[in-house]
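Visitor: Got a structure for you, written out below as structure tokens; questions coming shortly.
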Amino acid sequence: MTNEFVEHRLDLLEASGLNVIAFEPDNLALARAMIPAGATMPQMVIDIGNKNTDIVISVNGGPRLTRSIPTGSETIIRTAAQNLNIDDKQAQQFVFKFGLGKDKLEGQIYNAIIGTIDILVTEIEKSIKFFMARYGETTKIERIIVTGAASVLPEFPLYIANKFGISAEIGNAWRNVSSPPDRQNELMTVSNHFGVAAGLAERNE
């Protein structure tokens with residue numbers, strides 16, 4: 001982040017009457033929320049946002065590689081709309097209902113978005129290769145944690161797991177957050193939206 005960007009955001013927050021005690025990139029907060037404490041083997045987090053996809057690879061609780069790729073859920077939805085000749089609202093419904101299911105709607109949604117998904121997957125692969133070249137071929141990623149749209153796009157976690165031969169799981173933003181038992185199911189349905197917020201709240205310094 002540039003100083004100008006940070007100062008502008010600080011001015012906005014302080015003008016709102018808020019007392020700013022810390023400022024950090026989204027991907028650091030994301031790693032803190034999603035990666036289990038004490039994990040010693042490399043862990044990757046993939047967070048598909050509206051406009052960008054954040055990638056973090058962490059070792060021993062510390063981020064070793066962070067990237068932001070300018071492809072997000074809006075790109076996937078727009079591609080579906082264009083390829084299927086439908087409006088964005090209908091495309092969004094189809095994308096998040098059928099995702100990468102080849103057997104859904106005769107594979108029409110899969111075929112409409114797989115090109116964009118594979119562009120994203122190529123960037124993920126580049127990140128993995130760069131990490132392994134930097135830290136050694138024996139430093140293999142143990143787990144991929146998906147959040148944001150990545151966790152609710154049907155069959156995306158499975159697609160990633162099969163592509164890279166690495167276990168993929170859906171992240172839980174509330175992993176370190178105490179909540180009443182009767183609210184846990186409700187909170188889990190929106191967990192994919194709160195990874196960064198939860199990570200920021202978990203700062204202990």
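The values are calculated or read from the model by the stated rules, or taken from the named source; none is laboratory data. Small disclaimer: the values here were computed from a predicted structure and weren't measured. Here the Cβ is made from the backbone with ideal geometry for all residues, glycine too, and neighbour counts use every protein chain on show.
Visitor: In the range 156-182, how many residues are buried (at least 17 other Cβ atoms within 10 Å of the Cβ) and within 18 Å of THR116 (Cβ to Cβ)?
Guide: The number of residues fulfilling the criteria is 4.
Visitor: How many residues does the range 36-45 hold that are in contact with a Gly (Cβ under 8 Å, 6 or more places away or on another chain) and either under 11 Å from GLU142 (Cβ atoms) or touching a residue at least 24 places away in the same chain (Cβ under 8 Å) (or both)?
Guide: Of the residues in the range 36-45, 3 are in contact with a Gly (Cβ under 8 Å, 6 or more places away or on another chain) and either under 11 Å from GLU142 (Cβ atoms) or touching a residue at least 24 places away in the same chain (Cβ under 8 Å) (or both).
Visitor: For residues that are under 23 Å from the mean Cα position of the chain (by Cα) and more than 29 Å from SER151 (Cβ to Cβ), tally how many sit in the range 7-38.
Guide: Counting residues in the range 7-38 that are under 23 Å from the mean Cα position of the chain (by Cα) and more than 29 Å from SER151 (Cβ to Cβ) gives 0.
Visitor: To continue, here is another question. So which pairs qualify, if the first residue must be in the range 106-128 and part of a helix (DSSP H, G or I), the second must be of a type in the set (Gly, Ala, Ser), the Cβ gap must be under 6 Å, and the two must be at least 6 apart or on different chains?
Guide: ALA112/ALA80; ILE113/ALA80
Visitor: Against the condition in contact with a strand residue (DSSP E or B) (Cβ under 9 Å, 6 or more places away or on another chain), buried (at least 16 other Cβ atoms within 10 Å of the Cβ) and not hydroxyl-bearing (Ser, Thr, Tyr), how does VAL121 come out, does it pass?
Guide: In short, no.
Visitor: Residue by residue through the range 67-85, note down the ones that are farther than 19 Å from ASN192 by Cβ and among the hydroxyl-bearing types (Ser, Thr, Tyr).
Guide: If the condition is that a residue be farther than 19 Å from ASN192 by Cβ and among the hydroxyl-bearing types (Ser, Thr, Tyr), then THR79 is the only one that fits.
Yes/no matrix, rows are residues, columns are (1) surrounded by fewer than 16 Cβ atoms within 10 Å (Cβ to Cβ); (2) in contact with a Gly (Cβ under 7 Å, 6 or more places away or on another chain); (3) more than 23 Å from VAL56 (Cα to Cα):
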residue: ALA91; (1), (2), (3): no, no, yes
residue: GLY101; (1), (2), (3): yes, no, yes
residue: THR116; (1), (2), (3): no, no, no
residue: ILE141; (1), (2), (3): no, no, no
residue: VAL146; (1), (2), (3): no, yes, no
residue: SER151; (1), (2), (3): no, yes, no
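Visitor: Identify, by number, the condition in (1) buried (at least 19 other Cβ atoms within 10 Å of the Cβ); (2) at pLDDT 90 or above; (3) of a type in the set (Val, Ile, Thr) that ILE86 doesn't meet.
Guide: (1)
Visitor: Further question on the same structure: Pull up the range 39-70, narrow it to residues that are over 14 Å from TYR135 (Cα atoms) and among the small types (Gly, Ala, Ser), then point me to the one that is nearest to the chain's Cα centre (by Cα).
Guide: This residue is GLY49.
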